[in-house]
Structures are given as C-alpha cells and as structure tokens.
Amino acid sequence: MNWYILGERERQRSGQFVAVAAAYDDMTATLVRDYLRENGVGAAFPPITYLYGPLQTRIWVHSDDEETALRLLEELRTEWRGM
C-alpha cells in the first residue's frame, strides 16, 4: 500500500477542509479514509485525482479534525509497517 502523510506545506486547504494524506491508488485511499472514519474523523476523497508527479488521491478532513487525523495517520503508518 503506497500512501503518505502530507507535510504541513503540502496540505492543501479548501474552505473548512484540509488534505492530510495522499495515496497512489483508490483502494489504498479508501482504506486510509475508512480507518479515519472508524476512529471518529469524517474523512473523504473527491472523485478527482490530482497530478503531482505520479497520480495521487488526496484524503480530506474538516480542519477541526486535522490534528486528530494526523495522529491517527501516524498510528496507521506504524501499524502497517509492522505487517
């Protein structure tokens, strides 16, 4: 599974929403989004892919949930590395 947490400078903002992660395929984006949702963070990714080098799908959360989402993503990254 190929995804990563966006650095502070990479995080796009749109209104009250912020992109917190990027995945290289929709299956991985779905798994990351669902992990956030299962842990109480409303996450989504639009049906639009953005071109930043390779094709990537951004996972968005409400800006109020940004800190929680980043903490959960760190936990997920650690969990998946251990597999």
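Every read-out reported here was derived from the displayed coordinates using simple, explicitly stated rules and does not represent laboratory data. Please read these numbers as outputs of a predicted model, since none were measured by experiment.
Mean sequence separation of contacting Cα pairs (under 8 Å, at least six apart), scaled by the length of the chain, corresponds to a relative contact order of 31 percent.
Which value, in Å³ per residue, describes the convex hull spanned by the Cα atoms of the range 1-40?
On the way: hull volume 3.3 nm³, N = 40.
Spread over its residues, the Cα hull of the range 1-40 gives 82 Å³ apiece.
Here the Kirkwood formula puts the hydrodynamic radius of the chain at 12.6 Å, using every distinct Cα pair.
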